[in-house]
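Data block below; observations after.
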């Protein structure tokens, strides 16, 4: 199998598991800690806006390759195994993947806050 084929399979598995977290975060049987972590990871994974845009060399893709799998691993430890199997089956049957507008809003707000802080810092410089 080629490297691009392995990457495509890994992306498909991550998308399925992120969808599984989305389902788990909405299920009343999921523990609260797992709902919070899993919901945040799923919202970030399905957000149309990244914390670090993909066009930034190396770092743009690195945040997706590190944050999502680490959050997924933590969430999987917090959700009971029988529920994980059930939620994965539900995610496999689902045709559409969700889009997280809330994740986009939070990420956009983080960028706006960062830009505001940067603007305030630049405004205080004597050379400006």
Flag for residue 103 being at pLDDT 80 or above, under 20 Å from the mean Cα position of the chain (by Cα) and either surrounded by 10 or more Cβ atoms within 10 Å (Cβ to Cβ) or more than 24 Å from residue 51 (Cβ to Cβ) (or both) | no
Please list, ordered by first then second residue, the pairs with beta carbon atoms under 8 Å, 6 or more apart or interchain, first in segment 78-99 and modelled with pLDDT under 90, second surrounded by fewer than 17 Cβ atoms within 10 Å (Cβ to Cβ) and in a loop (DSSP other than H, G, I, E, B).
-> 99/48
Segment 23-48 - residue that is in contact (Cβ under 8 Å) with a residue 60 or more places away in the chain and assigned to a loop (DSSP other than H, G, I, E, B) and, of those, nearest to residue 109 (Cα to Cα) | 47
Extreme residue, surrounded by the most Cβ atoms within 10 Å (Cβ to Cβ), among residues of segment 38-71 that are at pLDDT 85 or above and more than 17 Å from residue 88 (Cα to Cα) | 40
For residue 116, state whether it is modelled with pLDDT of 75 or more and over 16 Å from the mean Cα position of the chain (by Cα).
-> yes
Within segment 9-28, can one find any residue that is under 26 Å from residue 114 (Cα atoms) and at pLDDT 80 or above?
-> no
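The values are calculated or read from the model by the stated rules, or taken from the named source; none is laboratory data. In this text the structure is predicted, and so the values were computed from the model without any measurement. Glycine gets a Cβ as well: all are built from the backbone with ideal geometry, and neighbour counts include every protein chain shown.
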